Each structure stands twice: as structure tokens, then as C-alpha cells.
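So the structure is just underneath, and the comments pick up after that.
The values are calculated or read from the model by the stated rules, or taken from the named source; none is laboratory data. For clarity, every value in this text was computed on a predicted model and none was experimentally measured. Ideal geometry is used to build each Cβ from the backbone, glycine not excepted, and the neighbour counts take in all protein chains shown.
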Amino acid sequence: MSAPASPKVVVFLHSGDYDRVHQGLSIAAAATAAGRRAEIYLFWWALERFLKDALDEPDFAGREDVTDRFESRGMPTLRALLEHLTDSGLCTLAGCTGSLGALGGEALTGDSRIPLWLGWSAILQRTAGVTDRFYL
């Protein structure tokens, strides 16, 4: 008999594209709304977006129609979703130390909203056995 699935949801964000980051934060928000814990791990370009604090303006390159629709419908920005997740108390946001080093972003970590920094060994330990994993 196998062990029961973890009630935790894990989101691995690699791409910094607005739509992918929005989708990842939305998945985590849905999980926390259902009372589940969520962990979001930031790598490479997603990490860079957070370090640069580019969380407010939707930027759908070449798709102004989507940007206009997104804004006219009052869709939440990345910052609004992140604030919701933080306020829930059920979400952990973590940055990858390897990606941070590759990006040369160490100087930007003091002002970032990323409270936890981990390498792959720790990430693998924390996410072992989690079946609800999303890679974006």
C-alpha cells in the first residue's frame, strides 16, 4: 500500500514570462483557498522577475489585446496574487541559490520579497513525495 499523497502543492517557476508566472501564482492561490499549503520555487528568469520587482504591469509581448482584456477585467497582477498568498499564511516562496548565483543577483536579495533561499538538495528534500507539482 502506498503512502497517502501530500496535501501540499508545489510550483516550480523557471520562465519569467508574465503568463507563466501568473499561472503558477494562480495555482498556488487556488491551493491555499482550499486550505492546502503551497510552495513556490523560483529559478532563473522567474527569479529575475521577482528580484527586479517586475510584478505590477502585465507584459504580454506582442499581445496588446490580451493586456487590454486582462486590465479591463480587473485580473489580479502578480503583486496582488503574491500578497494574497503571503496573507494566507499557507504559502512559502523560495529562491534557488544556484539560479541566484548564475544571475549575479546576490546584491538584489536584501530588498526582495523572497524569504527563503535553498539549493537543490534542500528543495528535493522538501518536495519529496509531493504528487501535485507544476512546472512553468
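Across segment 21-39, the number of residues qualifying as surrounded by fewer than 22 Cβ atoms within 10 Å (Cβ to Cβ), in a helix (DSSP H, G or I) and in contact with a strand residue (DSSP E or B) (Cβ under 7 Å, 6 or more places away or on another chain) comes to 2. Scanning segment 56-70 for residues that are surrounded by 11 or more Cβ atoms within 10 Å (Cβ to Cβ) and over 15 Å from ARG20 (Cβ atoms), we see that the one that is modelled with the highest pLDDT is GLU57.
Does PRO7 count as over 13 Å from the mean Cα position of the chain (by Cα) and closer than 22 Å to ARG126 by Cβ? Spelling it out, PRO7 is indeed over 13 Å from the mean Cα position of the chain (by Cα) and closer than 22 Å to ARG126 by Cβ. A search for C-beta distances below 6 Å between a residue of segment 63-79 that is of a type in the set (Phe, Trp, Tyr) and any residue that is surrounded by 14 or more Cβ atoms within 10 Å (Cβ to Cβ), counting only pairs 6+ apart in sequence or on different chains, returns PHE70/PRO58.
Scanning segment 71-120 for residues being part of a loop (DSSP other than H, G, I, E, B), among the hydrophobic types (A, V, I, L, M, F, W, C) and surrounded by fewer than 16 Cβ atoms within 10 Å (Cβ to Cβ) gives a total of 1. Note on segment 40-50: residues that are closer than 10 Å to SER99 by Cβ and either in a helix (DSSP H, G or I) or among the small types (Gly, Ala, Ser) (or both) amount to 5.
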